[in-house]
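Notes to accompany the following structure.
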Amino acid sequence: MKLRFDISSDRAKANFKAFLFLVGVLLVISGIWYSQNLVSILEKQATEYVKFRIKFLEVSLNNPASNSDINFLFNEVIQHADYPLIYTDTENNPRSWRNISPEIDNKPIEAFTKKDSLILFKALERIKKENPPIPIKYQNKIVLGYYYYGYPKVIYRLRIFPYLALTAAILFGLLGYMGFSYIKRSEQQSIWVGMAKETAHQLGTPLTSIAGWVELLSISDAHKETAIKEIQNDLKRLTKIANRFSKIGSRPELKPVDLKPLIESVVAYYRRRLPNMQKKVSIKTELPDEEIILNLNEELFEWVLENLIKNAIDSIMPSRDGLITIKVSRIPGKNLAVIDISDNGRGIQSPDKRHIFRPGFSTKKRGWGLGLSLARRIIQNYHGGKLFLKETKINEGSVFRIVLKEKV
Ligand SMILES: Nc1ncnc2c1ncn2[C@@H]1O[C@H](COP(=O)(O)OP(=O)(O)OP(=O)(O)O)[C@@H](O)[C@H]1O
Ligand SMILES: [Mg+2]
């Protein structure tokens, strides 16, 4: 057993996708939750702190021993404030302020320009919405003014954090999505790339054959007719390979195709090659009398059959005459066509059964381990059908089954 290369399976990819999505959602939810919590704790603390300061201010005001100039006291209280605040008189005219904007923080009101007044007015409107003002009272009766206050800068920053997190998560999701659709696209192409690789070394067979016939023709005309027929066949084969290359990268199209002649032509191709093989193999078809029309991409489907037949031929042991059967049957009630490709070859070891459809898995000296994985992808992804190992017995043989919907 060997692994030529490893492409993660579709399921692993789907799991990873779900995992990424979950991580994204969790990131957003926990980010929002965490920052909201933090913000409300800090807001509470900030409010408590301000209220405590105001209490202190009022106590000082009502204390006859202290300097009772409100502006002086106010400036004392706000010395270390790190939040925006505005003290207004009872008419709501600003008297002192802090942390509003560097342009006006240290400017006396007499020196104010129109723009400065506007800044202060707007700040007051904004702060009003944050917290209800605290009235400053003298001896608990006479209102001297109002203390408007906002929150420390850090709270404003934290408030926008969830939006930042959300934007990051959306970007993350978008990038992930783009990555995945790229992987998907390149995977579609990898079918053609795999086919190209594989057909590339198939090019050699018809080319050698043509060279042989031309050589023969140059010596004598005795086999002219056979030679021309064979050369035509080889040319057809080369055209087919050229066609496969020309379609690399495009999404395969499905068309209604008569299944029986298609199978016969693939089998005919292999039958012609059989006499040149080291071992004795024959290929039999068991086809129903009626027409079977399926929605197929002919090139891809032929390629699937070729791969299954090639695997079947490879499985034949030299000790026995090989027999490969391609049997087509129908499940009429369900409109399904069933194609069984069976061989009397070496069979598949139990532990290998799970791996044979994995890209890169091969037990052969010169195998790529691509055939079955690409064949399955072609049948399942492009044709909506099924391809599976129906049965296998060591030294007795295997049956691979394709199930496809018939065109109604
Ligand atoms: N009919 C069969 N009989 C026995 N073993 C089979 C048969 N078909 C497939 N296998 C096993 O499954 C493995 C994978 O087959 P697959 O067609 O994917 O790759 P491969 O034939 O080894 O290489 P490639 O097709 O890329 O040239 C084979 O190596 C072989 O072990
Ligand atoms: Mg193969």
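Remarks
- Residue by residue, region 261-273 carries 3J(HN,Hα) couplings of x, 5, 5, 4, 6, 5, 5, 4, 4, 5, 4, 5, 7 Hz when phi is fed to the Karplus relation 6.51 cos²θ - 1.76 cosθ + 1.60 (θ = phi - 60°); x denotes Gly or Pro.
- Within the accessible surface of the chain, defined with a 1.4 Å probe on protein heavy atoms only, the carbon and sulfur portion equals 58 percent.
- Residue ranges 36-48, 355-367 sort as 355-367, 36-48 when ordered by packing (mean number of other C-beta atoms within 10 Å per residue, highest first).
- Heavy-atom surface of region 273-408, accessible at 1.4 Å and reported per residue (Å²): 50 Å²
- Dividing the summed helix terms, -39500 (n - 2.57) for each DSSP H run of n ≥ 4, by the number of residues in the chain produces a 222 nm estimate of -18000 deg cm²/dmol to the nearest 500.
- Tensor-based shape of region 13-156 (alpha-carbon gyration tensor, a/c under 1.5 rounded, otherwise prolate or oblate): prolate
- Sequence of Ser30, Ser350 from largest to smallest accessible area, 1.4 Å probe: Ser350, Ser30
- Relative contact order, whole percent, for the chain stands at 14, derived from Cα pairs under 8 Å and 6 or more residues apart.
- Highest average first, the peptides 307-320, 111-124 ordered by how many other beta carbon atoms sit within 10 Å of their residues are 307-320, 111-124.
- Simple rule: put +1 on each Lys or Arg Cβ and -1 on each Asp or Glu Cβ in region 13-156, find the dipole, and look at Leu57, Asn37, Gly145; the Cα lying farthest toward the positive end is Asn37.
- Cβ crowding within 10 Å averaged over residues, with 291-297, 221-227 ranked highest first: 291-297, 221-227
- Accessible-area value, Arg126, 1.4 Å probe, nucleic acids and ligands omitted, Å²: 120 Å²
- Solvent-accessible area per residue, Å², over region 201-251 with all protein chains present [probe radius 1.4 Å]: 67 Å²
- The calculated P(r) of the chain, using every Cα pair and 10 Å bins from 0, goes 4, 15, 18, 13, 8, 6, 6, 8, 9, 8, 4, 1, 0, 0 in percent.
- Total charge dipole magnitude, the chain, about the Cα centre, Cβ charges on Lys, Arg, Asp, Glu only, Debye to nearest 20: 940 debye
- Normalised contact order of region 201-251, rounded percent, pairs of Cα under 8 Å and 6 or more residues apart: 42 percent
- Counting only residues at least eight positions apart within a chain, or on another chain, the lysines with an alpha carbon under 25 Å from that of Lys129 are Lys44, Lys51, Lys55, Lys107, Lys114, Lys115, Lys137, Lys153.
- Long pairs among Lys284/Lys310; Lys247/Lys365; Lys13/Lys365, criterion Cα-Cα beyond 18 Å: Lys247/Lys365; Lys13/Lys365
- Candidate aspartates and glutamates for bridging to Lys353, where Cα separation is under 19 Å - those fewer than 8 sequence places away on the same chain excluded: Asp6, Asp10, Asp314, Asp340, Asp343, Glu391, Glu396
- With a cut-off of 12 Å on the backbone N, no residue of region 18-58 is near the modelled label site 7 Å out from Asp105 along Cα-Cβ.
The values are calculated or read from the model by the stated rules, or taken from the named source; none is laboratory data. Remember, it's a predicted structure, so these values are computed and weren't measured experimentally. Neighbour counts run over all protein chains shown; Cβ positions are idealised from the backbone, glycine included. Heavy atoms of the whole protein, side chains included, go into the accessibility calculation; ligands, DNA and RNA do not. Shrake-Rupley method; radii C 1.70, N 1.55, O 1.52, S 1.80 Å.
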